[in-house]
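The values are calculated or read from the model by the stated rules, or taken from the named source; none is laboratory data. Because the structure is predicted, anything quoted here is derived from the model rather than measured. Here Cβ is always computed from backbone atoms with ideal geometry, including for glycine, and neighbour counts include all displayed protein chains.
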2 protein chains.
Amino acid sequence: MCATCGCGHSNSHESHAHEEITLEQKVLAKNDLLAAANRAYFASRGVVAINLMSSPGSGKTTLLERTIRELRGRPVAVVEGDQETQLDAERIRRTGCPVVQVNTGAGCHLDAAMLRDAVDRLALEQGTLLFVENVGNLVCPALFDLGERGRVVIISVTEGTDKPLKYPYMFAAADLVVVNKVDLLPYVDFDLGACRAHVASVNPKAEVVALSATTGDNLDAWHEWLVS
Amino acid sequence: MCATCGCGHSNSHESHAHEEITLEQKVLAKNDLLAAANRAYFASRGVVAINLMSSPGSGKTTLLERTIRELRGRPVAVVEGDQETQLDAERIRRTGCPVVQVNTGAGCHLDAAMLRDAVDRLALEQGTLLFVENVGNLVCPALFDLGERGRVVIISVTEGTDKPLKYPYMFAAADLVVVNKVDLLPYVDFDLGACRAHVASVNPKAEVVALSATTGDNLDAWHEWLVS
């Protein structure tokens with residue numbers, strides 16, 4: 001695996017291939033240990049952490065804003081991941097929900113240590129539902145366990161039907177696939193049935209919920225999954 | 001920089017930070033050498049290589065299909081990058097254009113060696129316009145010089161106005177930013193003027209062209225940029 005970007009090919013730098021593989025194994029092994037520690041920490045406090053992953057612009061933050069406003073009966077908190085800016089944290093803060101923004105700079109994903117650092121700044125209540133909005137990237141975040149209970153991959157109908165086939169590592173990692181922006185279905189070329197079949201072909205266990213975070217269409221199915 | 005995914009933070013694995021930085025420098029330095037070789041190879045044959053980068057689903061392949069059908073007077077070829085599948089190469093092949101698909105597996109970007117391997121399978125004619133459709137990812141491909149003449153970043157109006165601020169490394173690397181899917185502007189919350197200002201704030205030299213690859217709206221501006 002490439003030492004710089006996590007790609008599966010080291011054909012561009014054969015002379016470094018062995019040291020890359022060794023280092024990558026160390027980095028992922030250390031991340032897995034820290035993710036296990038996060039998982040134990042969350043379990044000890046009854047915190048349910050949900051890792052939201054998607055391309056940029058799929059509507060993760062809009063879905064979170066609406067979810068937070070509609071959720072009743074349990075504390076909620078959010079960790080926002082972006083390369084730069086506090087924009088998403090500001091949007092979440094306006095809902096009244098506790099939030100911490102993590103900026104990764106040139107980085108392409110959140111890792112378990114970044115999440116633990118952020119969580120330590122949140123002082124989570126017992127039983128909190130913790131949403132972690134990963135950096136917008138349909139590739140790299142799939143490699144990094146954060147210690148979450150559930151992994152949600154969000155795609156929007158504007159992105160095209162074939163994404164589960166073209167980015168199978170991300171979809172293989174998902175517990176739930178949210179197909180967002182169904183309000184735009186009349187205006188784009190997207191086949192929901194085919195998309196469901198593509199998800200099933202790379203991950204037969206993943207559930208699929210099609211909804212619109214903007215209009216609220218089918219949000220009930222999302223809320224039901226969150227409490228399941 | 002993280003050894004596994006190219007992120008700018010090594011806070012999760014301080015014990016490996018030095019070896020990661022050293023290895024990353026080696027990998028990028030080697031890529032830069034290979035990119036320089038590509039650049040010389042392209043120059044010797046009058047080949048103009050254009051690197052197209054974007055999130056998944058921004059409409060890169062649709063723009064290419066239309067561009068190839070409308071271009072007149074010079075040979076065109078395409079290198080397609082995706083984690084998996086031959087889907088995009090099959091779409092390009094139906095236009096009659098020579099194309100090679102590169103599958104990166106778990107990888108998140110094309111590098112200079114992958115491009116050279118692909119180009120060697122294309123047997124480019126003198127003066128070819130070579131489009132390189134990178135892996136759909138608004139983060140990692142920005143780090144890897146391919147030896148291209150021009151870098152085009154494509155976003156669609158469905159992705160939101162704030163993307164240049166949240167993913168500044170990619171936009172800072174662009175010669176041209178294409179804002180695609182303007183046919184969907186009536187149905188989404190997107191401020192084209194603000195997006196142009198955001199691009200200018202991270203990259204004052206980048207041109208911005210707003211168009212629709214689906215309807216053909218403002219494709220002339222794109223064709224003009226290609227011959228400029």
Margin query: Can you tell me which condition B:Glu90 does not meet? The list is (1) touching a Ser or Thr at 6+ places or on another chain (Cβ under 7 Å); (2) over 20 Å from B:Trp222 (Cα atoms), and all the others hold.
Written below: (1)
Margin query: List the residue pairs whose Cβ atoms are under 8 Å apart, where the first residue sits in region A:94-114 and is away from chain B (no Cβ under 11 Å) and in contact (Cβ under 8 Å) with a residue 24 or more places away in the chain, the second is outside any loop (DSSP other than H, G, I, E, B) and buried (at least 24 other Cβ atoms within 10 Å of the Cβ), and the two are 6 or more positions apart or on different chains.
Written below: A:Cys97/A:Val78; A:Pro98/A:Val78
Check: Just wondering, is there one or more residues in region B:154-167 that are closer than 21 Å to A:Gly57 by Cβ, within 14 Å of chain A (Cβ to nearest Cβ), without any contact (Cβ under 8 Å) to a residue 60 or more places away in the chain and of a type in the set (S, T, N, Q)?
Finding: yes
Check: Within the set of pairs 6 or more residues apart or between chains, which connect a residue that is touching a residue at least 40 places away in the same chain (Cβ under 8 Å) and within 14 Å of chain B (Cβ to nearest Cβ) inside region A:124-147 to a residue that is among the acidic types (Asp, Glu) and part of a strand (DSSP E or B) with Cβ atoms less than 6 Å apart?
Finding: A:Glu133/A:Glu80
Note to self: Quick check on this structure: which one of A:Val79, A:Val27, A:Val132 is over 22 Å from B:Glu159 (Cα atoms) and surrounded by 15 or more Cβ atoms within 10 Å (Cβ to Cβ)?
What the structure shows: A:Val27
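Out of A:Arg74, A:Arg94, A:Arg39, I need the residue that is surrounded by 17 or more Cβ atoms within 10 Å (Cβ to Cβ) and among the basic types (Lys, Arg). Which one? Write out each step before concluding.
Numbers: A:Arg74 fails: surrounded by 17 or more Cβ atoms within 10 Å (Cβ to Cβ); A:Arg94 fails: surrounded by 17 or more Cβ atoms within 10 Å (Cβ to Cβ).
Exactly one residue qualifies, and that residue is A:Arg39.
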Next item on the list: Could you list all residues from region B:111-129 that are crowded, with 19+ Cβ neighbours inside 10 Å and under 10 Å from B:Pro75 (Cβ atoms)?
Entry: B:Leu124, B:Thr128, B:Leu129
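Test A:Gly81 against the stated conditions and say whether it is within 23 Å of A:Val27 (Cβ to Cβ) and out of contact with any His (no Cβ under 6 Å at 6 or more places or on another chain).
Values: within 23 Å of A:Val27 (Cβ to Cβ): yes; out of contact with any His (no Cβ under 6 Å at 6 or more places or on another chain): yes.
Yes, satisfied.
Look at B:Glu84 and say whether it is free of Cβ contacts under 8 Å to residues at least 40 places away in the same chain, over 24 Å from B:Leu176 (Cα atoms), touching a Pro at 6+ places or on another chain (Cβ under 6 Å) and not aromatic (Phe, Trp, Tyr). First the steps, then the outcome.
Working: free of Cβ contacts under 8 Å to residues at least 40 places away in the same chain: yes; over 24 Å from B:Leu176 (Cα atoms): yes; touching a Pro at 6+ places or on another chain (Cβ under 6 Å): yes; not aromatic (Phe, Trp, Tyr): yes.
Considered against the rule, which asks whether it is free of Cβ contacts under 8 Å to residues at least 40 places away in the same chain, over 24 Å from B:Leu176 (Cα atoms), touching a Pro at 6+ places or on another chain (Cβ under 6 Å) and not aromatic (Phe, Trp, Tyr), B:Glu84 comes out as yes.
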Next item on the list: Filter region A:11-37 down to the residues that are under 25 Å from A:Tyr167 (Cβ atoms) and more than 9 Å from chain B (Cβ to nearest Cβ), then identify the one that is modelled with the lowest pLDDT.
Entry: A:Ala17
Checklist line | Residue check, A:Lys181 free of Cβ contacts under 8 Å to residues at least 12 places away in the same chain and crowded, with 17+ Cβ neighbours inside 10 Å | finding: no
